[in-house]
1. Could you please find all residues in the stretch 72-88 being surrounded by fewer than 23 Cβ atoms within 10 Å (Cβ to Cβ) and more than 12 Å from the ligand (Cβ to nearest atom)?
2. I'm checking my understanding of the structure. Among residues of the stretch 1-41 that are within 26 Å of the chain's Cα centre (by Cα), in a loop (DSSP other than H, G, I, E, B) and without any contact (Cβ under 8 Å) to a residue 12 or more places away in the chain, which one is farthest from residue 74 (Cα to Cα)?
3. When you scan the stretch 91-106, how many residues do you find that are more than 9 Å from the ligand (Cβ to nearest atom), in a helix (DSSP H, G or I) and surrounded by 22 or more Cβ atoms within 10 Å (Cβ to Cβ)?
4. Before we move on, is residue 3 surrounded by 10 or more Cβ atoms within 10 Å (Cβ to Cβ) and not basic (Lys, Arg)?
5. Can you pull out every residue in the stretch 49-62 that is part of a helix (DSSP H, G or I) and within 13 Å of the ligand (Cβ to nearest atom)?
6. How many of the residues making up the stretch 176-218 are among the aromatic types (Phe, Trp, Tyr) and exposed (fewer than 15 other Cβ atoms within 10 Å of the Cβ)?
7. Which of the residues spanning the stretch 18-52 are within 24 Å of residue 110 (Cα to Cα) and either among the small types (Gly, Ala, Ser) or surrounded by 12 or more Cβ atoms within 10 Å (Cβ to Cβ) (or both)?
8. Quick check on this structure: which one of 79, 93, 75 is assigned by TED's automatic domain parsing to the domain that holds residue 126, touching a residue at least 60 places away in the same chain (Cβ under 8 Å) and among the small types (Gly, Ala, Ser)?
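The values are calculated or read from the model by the stated rules, or taken from the named source; none is laboratory data. Here the structure is a predicted model, which is why all the values come from computation and not from measurement. Reconstructed Cβ throughout: ideal geometry from the backbone, glycine too, with neighbour counts over all protein chains shown.
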Amino acid sequence: MISSLQRILEITAYVLGGLIVWLILIRIVRKLFHFPAPAFIGIFLDSDLRRGMQPAEDFIRAAGIQPGMRILEIGCGSGAYTTFTARAVGPKGKVEALDIQPAMLAQLEKKLAHPAYLDIQNITLHQASADELPFGDGELDLVYLITVLPEIPDQARVLAEIHRALKPGGILAVAELIIDPDYPPKATTTRRCQKAGYLLEDISGNFWSYTARFRKPD
Ligand SMILES: C[S@@+](CC[C@H](N)C(=O)[O-])C[C@H]1O[C@@H](n2cnc3c(N)ncnc32)[C@H](O)[C@@H]1O
């Protein structure tokens, strides 16, 4: 009995230790080499397991998403949050879902073709890079990035592009989750966005999952 308990504790220690080493190694690799999150993780990103850690309803509330808004989601990936946003803005609102990787957008396109999402008609997909947004000046009510900003090599340039495309008084929401190898603490995100000219309005969540909401000055 005692030896099987010892065995279970040993295995748990190995698994946890292995996980910590893996997370440290992957963070080092991500610091040395910049590349977008591979498309095969789209299945995990758009899973209930992941949304259990970063619930869509919490994000929508924290970001200040309201019916009728025109919203840009940068780095939408496989669309884990896109359909929730599309329903939250309603038929008078619009979601521009943008990603640099066609393979991610293909997963979102497939998701939207599923009968469960056929009611959603207010999403437009864009294959583009965040540092050259295909939108005019002051067009958008709200721009958000979920586990995307720290993955972008020139964040200052992207934050300036978002600033250009947002309306005066528009919202920038940035959400992060600790299991992302690029995860930055709240202070880093706040500093980066304030440096780019945004005003911090609110940060909700906790140490491992948070949403920071900023405003472009009027
Ligand atoms: C970790 S995934 C997160 C996907 C989604 N936001 C989510 O939370 O499920 C990061 C996404 O950002 C996209 N991405 C990375 N760099 C980008 C860039 N410069 N412009 C647009 N999208 C980018 C990647 O292709 C990937 O789909």
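1. 87, 88 - these are the residues of the stretch 72-88 that are surrounded by fewer than 23 Cβ atoms within 10 Å (Cβ to Cβ) and more than 12 Å from the ligand (Cβ to nearest atom).
2. Restricting to residues being within 26 Å of the chain's Cα centre (by Cα), in a loop (DSSP other than H, G, I, E, B) and without any contact (Cβ under 8 Å) to a residue 12 or more places away in the chain, the top hit is 33.
3. 0
4. It is false that residue 3 is surrounded by 10 or more Cβ atoms within 10 Å (Cβ to Cβ) and not basic (Lys, Arg).
5. Correct list: 49, 50, 51, 53, 56, 59.
6. 2
7. The answer is 36, 37, 39, 41, 42, 44, 45, 46, 47, 50, 51, 52.
8. The match here is 75.
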